[in-house]
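Peer 1: Below you will find the structure I want to go over with you.
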C-alpha cells in the first residue's frame, strides 16, 4: 500500500496534509466539549453559581461543537478530493502501462484480470484512502488524547476502559487472521467471473448456435456461487463486530455508572460533586475511546482487501516491459526494405523454437508472401516486424536499421498493419478508417473514401443508412466478417505507409472480391513493400517472393513457378487447392 502511495501528486499530498491538520483540530475541539460539560455540571450543583457563568460555559461548548462540525465538513471534502484524484491517477497509470506492454506481458495478466485491477482494485484503494484520511487519522489521535484526559479521573474507571479496549482488539485481530487470506481468493474470483462473463458475451453467437446457454449458465453459476460463498463467509465474520461493539459500548456505560455509584456512595459530601462530575466526563471520554477503536476496526476490515488490491495494482505498475523503446527517430536513407538475418524465436518460458534460422530480404515495391500449414509460424514471423515480440536470436532490419533501435512510434509509422482478426472500434465508418492516422483521425474524408474504394468496401458502405457516417458497433458486430476485413484493409491504405503487413487478411473474402482487391492494391502499393500471410495460393501467386514455412523452418523461397519445381511442401499445398491445369496456366 505504501509503495502505491508514491504515486500521490504534490497537490494530493497538500490536500492530505490539510486533512490531517484539520482532523487534529477537530479532535481537540471535540475533546474540549466534555470539559465544558463538567464545568456546567459543577456550576449547577454548586450553591451561589450565576446563570451567566453557566451560559458562558454553554456558549464555549456550542462554539467548539460548531467549529468541530465545520472542520469535519472540510476534511470530508478534501479527503474525497484526494481519494478520487488518486484513483483517477492510478487508473491512468495502469492504462498507460498496459498500452506500453507487449503481448507477452498482457498474456501474463489476462484481459479480465487487467480490467478488474483497473476498476475494482482501484475502488478498494480509493475507499480506504477516503476513509483513512478521516477515520484512520482521527481514531488514534482521539483515543490517545481521551485516554490521557481520563487517566487522573479514577483508577477503577481506567481499568474498565482498558478491559473493553482489550476485548475489542482481540476480536478485531481474530477476525483479521481468519478473513485476510480469503480476500486474496475473492479478488481472484472476481477476475474469474469477469473472464467467464466476457467469454460468454464475446462468444454469444456460438453459444446460441450450439444451444449451450445451459452449459454457460452452469459455468457462470459455479464461479458466482464460489464468490458468493466466500463473500458470505467474510461478511458473517464481520457481522460479529456489530453485536460485540454494542455489547462493549453499553457495557462500558453501565460499568462506569455502577462504579460511579459505588464511589459516590462511599465518598464524603464534598467529594460527591467532584466524583459525579468526573463520572459524567469519564462516561463521555470513555465513549470517545471506544468509538475510536470502533472506527479503527471498521478501517481494519477494509485495509486487508485494499492491501491485496494495492499489491495487484503494483504488480502491473512495476511489471518489466520486455519490448523497450530505442532512440532512433526513423529517418533513413533506405525506404521500404525489410530483412531477416538468421532469426529464431521462441515464446517466453517455452522450450521449443517457433521459428528457426529465418533469413530473407524484401525491397521497396516488392511483395513477399508467407505460406505454410497451420502452426508453421507465419503470423509469429509477421508479428516480429512491428515488435509485438522481439526475436530470440538474430536481427530484423527495417530500412537497414535493427527494429530494436527504433522508437516504437517511428517504427509503427512506417507500417500499415492489418491483423488476422479484423478489429473495429465504436464510432462511424470514417472514424474507424481515419484511426490509421495514429488514432488522431486527421485523415481527410476524400482520402478515407478512396481507401474504402480500393479495399472494395464502397458498395456496402454506401448502402448503409448513413453511408460513411454510419455507426460501427464495438468489435464490428453489426457488419460481416468480410466487411470488417475490407474496412481494416482500408484503414491501412489510408495510412499510406512504406510497408504493408497483411496477416491472413483476405481469408473472409470471396475469390472474386479477393482478386479485384489485390489488383487495385497492386496499383496503389506499387511504391510500397507488401508482406502477406495467406492460406490461399491464389492470393499470393503473383508475389515477387514466396517464403514457405514448415514447422518454423524455411523450406523454400522463390516465385510461384520456381517453388512448384523446387519445393515439395509448396507443391503439395498448391495441388490441394488448384488443379494441375490451373497451376500451369497461372
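The values are calculated or read from the model by the stated rules, or taken from the named source; none is laboratory data. Just so you know, these numbers come straight off a predicted model, no measurement behind them. Heads up, the Cβs are rebuilt from the backbone with ideal geometry, glycines too, and the neighbour counts pull from every protein chain shown.
Peer 1: Being assigned to a loop (DSSP other than H, G, I, E, B) and within 34 Å of the chain's Cα centre (by Cα) is the filter here; which residues of the range 377-403 pass it?
Peer 2: 377, 384, 385, 386, 387, 388, 389, 390, 391, 392
Peer 1: Give the residues of the range 341-362 that are loosely packed, with under 15 Cβ neighbours inside 10 Å and in a loop (DSSP other than H, G, I, E, B), sorted by residue number.
Peer 2: 348, 349, 350, 351, 352
For every residue, the table says whether it meets (1) under 36 Å from the mean Cα position of the chain (by Cα); (2) farther than 26 Å from residue 535 by Cβ.
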{"residue": "450", "(1), (2)": "no, yes"}
{"residue": "466", "(1), (2)": "yes, yes"}
{"residue": "478", "(1), (2)": "yes, yes"}
{"residue": "493", "(1), (2)": "yes, no"}
{"residue": "501", "(1), (2)": "yes, no"}
{"residue": "506", "(1), (2)": "yes, no"}
{"residue": "518", "(1), (2)": "no, no"}
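Peer 1: Does residue 221 qualify as being assigned by TED's automatic domain parsing to the domain that holds residue 125, under 30 Å from residue 475 (Cα atoms), within 35 Å of the chain's Cα centre (by Cα) and loosely packed, with under 14 Cβ neighbours inside 10 Å?
Peer 2: Against the criterion (assigned by TED's automatic domain parsing to the domain that holds residue 125, under 30 Å from residue 475 (Cα atoms), within 35 Å of the chain's Cα centre (by Cα) and loosely packed, with under 14 Cβ neighbours inside 10 Å), residue 221 qualifies.
One line per residue, one yes/no per condition, for (1) under 21 Å from residue 513 (Cα atoms); (2) outside any loop (DSSP other than H, G, I, E, B):
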residue	(1), (2)
442	no, no
451	yes, yes
456	yes, no
465	no, no
483	yes, yes
487	yes, yes
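Peer 1: So residue 168 clears everything in (1) exposed (fewer than 14 other Cβ atoms within 10 Å of the Cβ); (2) in contact (Cβ under 8 Å) with a residue 40 or more places away in the chain except one condition, right? Which one?
Peer 2: Checking residue 168 against (1) exposed (fewer than 14 other Cβ atoms within 10 Å of the Cβ); (2) in contact (Cβ under 8 Å) with a residue 40 or more places away in the chain, the one that fails is (1).
Peer 1: Still on this structure: Can you list the helices (runs of 4 or more DSSP H) found entirely within the range 83-155 that contain at least 1 residues being modelled with pLDDT under 80 and more than 30 Å from residue 389 (Cβ to Cβ)?
Peer 2: 120-131, 137-150
Peer 1: Find the residue count for the range 287-329, including only residues that are farther than 30 Å from residue 140 by Cα and out of contact with any strand residue (DSSP E or B) (no Cβ under 6 Å at 6 or more places or on another chain).
Peer 2: Result for the range 287-329: 13.
Peer 1: Could you tell me how many of the residues in the range 4-31 are over 18 Å from residue 128 (Cα atoms) and crowded, with 18+ Cβ neighbours inside 10 Å?
Peer 2: 6
Peer 1: Right, something else. Is it fair to say residue 159 is surrounded by 13 or more Cβ atoms within 10 Å (Cβ to Cβ), at pLDDT below 85, over 35 Å from the mean Cα position of the chain (by Cα) and in the same structural domain as residue 306 (by TED's automatic domain parsing)?
Peer 2: The answer is no for residue 159.
Peer 1: Here is a follow-up. Residues that are in contact with a helix residue (DSSP H, G or I) (Cβ under 8 Å, 6 or more places away or on another chain) and within 26 Å of residue 353 (Cβ to Cβ): find the helices (runs of 4 or more DSSP H) completely inside the range 504-585 holding 3 or more of those.
Peer 2: 568-577
Peer 1: Give 57, 104, 134 a once-over and let me know the one that is in contact (Cβ under 8 Å) with a residue 40 or more places away in the chain and under 30 Å from residue 284 (Cα atoms).
Peer 2: 134
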